[in-house]
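K.L.:
Below are the C-alpha cells for one structure; questions will follow.
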Amino acid sequence: MGEIEIGVIGGSGVYQMPGLEAVEERFVSTPFGEPSDALTIGTLFGERVAFLPRHGRGHVLSPSEVPYRANVYAMKHLGVRYLLAISACGSLREAFAPGHMVIPDQLYDHTKGTRAASFFGQGLVAHVSAAQPFSPELGRALADAGRAVGGVVHDGGTYITIEGPRFSTRAESLVFRQWGMDIIGMTTSPEAYLALEAEMAFAVLAQVTDYDAWHDTEAPVSVEMVKQALRNNPRQAQDTIRHLVQHKQAWAGEFAAHRALQDSLITHEDQISAAARARLAHFFPPAAG
C-alpha cells in the first residue's frame, strides 16, 4: 500500500486550502512523459494527499494538450488508490444550475480520437470494462461530502466530453440534450478510462458554471462567465475535499475499480515483453526469475 492514497487532479488553486500542512513539491517522471506540473503533496487531517494542476500552473495547457497518461501514471506511482477530479462544467439540464455540483455516474466520449486514451498497446493488450466509468462507491462518498458542507449536489448524471478548446455551438448543445447528456466539459475523457486501467477508484466533482449554449434566456457560455462562477464560490471544492479526507475511514475500502485488470489482460503471460513490464512497472509485479 502506498504512502499517499488520495489524489486530486484539478485547478492550481485547489490545494491552497486551510489546514494543509507539511507541503512539498515532487516531480515525477513517467514512461508516458512529464505530468502537467509538479505534484503538491501535503497532510490534511493526518492523511497525505497529492494534488496536480491538470492544465499546469497558470493554465498553460489546453484540454487537448493535457498529458493525461503521465498525470494518472504519476498518481499511480505515488500509490494513489482514490483519485478525485475537479472539473468546471456546463449544464445541459435546467435543474443543474450554476453553483450546483454534479457527481456524474456515466460518461460519453465525444473527443476526436487524438488523445492517448490507454496505457496498453505496444505488445501488451488489455480490454478493461468501462460500463461503470466512475467508481460508484467513491462517487457516493463525494456526494455526501458535498452535501455535508452545504452544497447543492446532484448525485448521478451523464458527462459528455468534447474536444475543445472552443465551446459548443447552440445546435451542438441542443443535440447533446436530445442525446440525454446532463453536463458537458473537456477533460474527463480519457482521465476516467486511464484511472480505471490503473485500478484507481475515480470520481468527478463537476462544478456547474453555466448553461452551455442551449438555454433561451441565459447568455452563451464564455471564459469570463466560467471564471466568475468559480470566483463566486472558491471554497466549494476545497471544503468538499477537506470533508472527504477528514472522514476517509467511514468510506474507504476495496472497491470494484481496484480489480479492474483482473480479467482484462488478453496477452499471454509468456508473451509480455520485459519492456512492456518495465513501462507498466506499477501495474504488475515483476516477472518471476
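K.L.:
Beta carbons within 10 angstrom, averaged per residue: use that to sort the peptides 253-262, 67-76, 180-189, highest first. Write down the numbers at each step before the final one.
P.N.:
Working: 253-262: 15.8, 67-76: 25.8, 180-189: 23.6.
So the order, starting with the most tightly packed, is 67-76, 180-189, 253-262.
K.L.:
Run the helix sum for the chain: -39,500 (n - 2.57) per DSSP H stretch of 4+ residues, divided by residue count, reported at 222 nm to the nearest 500 deg cm²/dmol. Mind dumping the intermediate values first?
P.N.:
Working: 8 runs with 74 residues, N = 289.
After summing the helix terms and dividing by residue count, I get -7500 deg cm²/dmol.
K.L.:
Let me ask another. For the range 141-218, rounded, prolate or oblate, judged on the Cα gyration tensor with a ≥ b ≥ c (square roots of eigenvalues), a/c < 1.5 rounded, else prolate if a/b > b/c? Provide the component values of the computation, followed by the final result.
P.N.:
Numbers: a/c = 2.42, a/b = 1.31, b/c = 1.85.
Oblate shape, in that a/c is at least 1.5 and b/c is the bigger or equal ratio.
K.L.:
Follow-up. Roughly what angle does helix 236-246 make with the longest principal axis of the chain, taking Cα atoms, 0 to 90 degrees, to the nearest 10?
P.N.:
Roughly 40 degrees between the two axes.
K.L.:
Which loop GluC sites (Glu not before Pro) in the range 1-33, with loop taken from DSSP, have no more than 14 other Cβ atoms within 10 angstrom of their Cβ? Write down the numbers at each step before the final one.
P.N.:
Details: sites: E3, E5, E21, E24, E25; in loops: E3, E5.
In loop regions of the range 1-33 (DSSP not H, G, I, E or B), the sparsely surrounded GluC sites (Glu not before Pro) are E3.
K.L.:
Ignoring any ligand, DNA or RNA, what whole percent of the accessible area of the chain comes from carbon and sulfur when the probe is 1.4 angstrom? Walk me through the numbers before you get to the answer.
P.N.:
Values: 6560 of 12730 Å².
In the chain, the share of accessible area belonging to carbon and sulfur is 52 percent.
K.L.:
If you don't mind, another one. Which of the chymotrypsin sites (Phe, Trp or Tyr not before Pro) found in the range 21-58 are loop residues per DSSP with 10 or fewer other Cβ atoms within 10 Å of their Cβ?
P.N.:
Answer by residue number: F27.
K.L.:
Which of rounded, prolate or oblate describes the range 154-198 when judged by the alpha-carbon gyration tensor and an a/c cut-off of 1.5?
P.N.:
Values: a/c = 2.86, a/b = 1.51, b/c = 1.90.
Since a/c reaches 1.5 but b/c is at least a/b, the shape of the range 154-198 is classed as oblate.
K.L.:
Working from Cα positions, state the angle (0 to 90°, nearest 10) between the long axis of helix 68-78 and the longest principal axis of the chain.
P.N.:
60
K.L.:
If you wrap the range 82-139's Cα atoms in a convex hull and average its projection over all directions, what's the area in nm²? Could the numbers behind the result be given before it?
P.N.:
Values: hull surface 23.4 nm².
Taking the Cα atoms of the range 82-139, their convex hull projects to 5.9 nm² on average.
K.L.:
Okay, moving on. Where only protein heavy atoms count, and the probe is 1.4 Å, what is the accessible area per residue for the chain in Å²? Provide the component values of the computation, followed by the final result.
P.N.:
Numbers: 12730 Å² over 289 residues.
It amounts to 44 Å² per residue over the chain.
K.L.:
Evaluated at 25 °C with a viscosity of 0.890 mPa s, what Stokes-Einstein diffusion coefficient in µm²/s does the range 18-59 have when Rh comes from the Kirkwood expression over alpha-carbon pairs? Each step should come with its number before you reach the end.
P.N.:
Numbers: Rh = 11.2 Å.
Translational diffusion coefficient: 219 µm²/s.
K.L.:
For the range 42-135, state which GluC sites (Glu not before Pro) are in a DSSP loop and have at most 11 other beta carbons lying within 10 Å of their beta carbon.
P.N.:
Details: sites: E47, E65, E94; in loops: E65, E94.
Loop-located and lightly packed - E94.
K.L.:
First obtain the Kirkwood hydrodynamic radius of the range 1-82 from its Cα pairs, then insert it into the Stokes-Einstein equation at 37 °C and 0.692 mPa s, and state the resulting D in µm² per second as a whole number. Kindly include the intermediate steps, with their values, before the conclusion.
P.N.:
On the way: Rh = 12.7 Å.
Estimated via Stokes-Einstein, D reaches 259 µm²/s.
K.L.:
Follow-up question, since we're still on this one. Give, in whole angstrom and from largest to smallest, the semi-axes √(5λ) of the equivalent ellipsoid of the range 57-174, with λ running over the eigenvalues of the Cα gyration tensor. Display every interim value, and only then the final one.
P.N.:
Working: eigenvalues 128, 85, 46 Å².
Ellipsoid half-lengths, sorted descending, are 25, 21, 15 Å.
K.L.:
How would the range 1-139 be classified by its alpha-carbon gyration tensor: rounded, prolate or oblate, with rounded meaning a/c under 1.5 and the a/b versus b/c comparison settling the rest? If you can, show how the numbers build up before the last one.
P.N.:
On the way: a/c = 1.44, a/b = 1.07, b/c = 1.35.
Rounded is the answer for the range 1-139, as its axis ratio a/c remains below 1.5.
K.L.:
Two decimals is fine: what is log10 I(q)/I(0) at q = 0.14 Å⁻¹ for the chain, from a Debye sum with one equal scatterer on every Cα and no solvent?
P.N.:
Evaluating at q = 0.14 Å⁻¹ gives log10 I(q)/I(0) of -1.01.
The values are calculated or read from the model by the stated rules, or taken from the named source; none is laboratory data. Worth saying up front: this structure is predicted, and the values here are computed from it rather than measured. Because the Cβ atoms are built from the backbone with ideal geometry, glycine has one as well, and the counts that use them run over all protein chains shown. Ligands, DNA and RNA are excluded from the accessible area calculation, which covers all protein heavy atoms including side chains. Shrake-Rupley method; radii C 1.70, N 1.55, O 1.52, S 1.80 Å.
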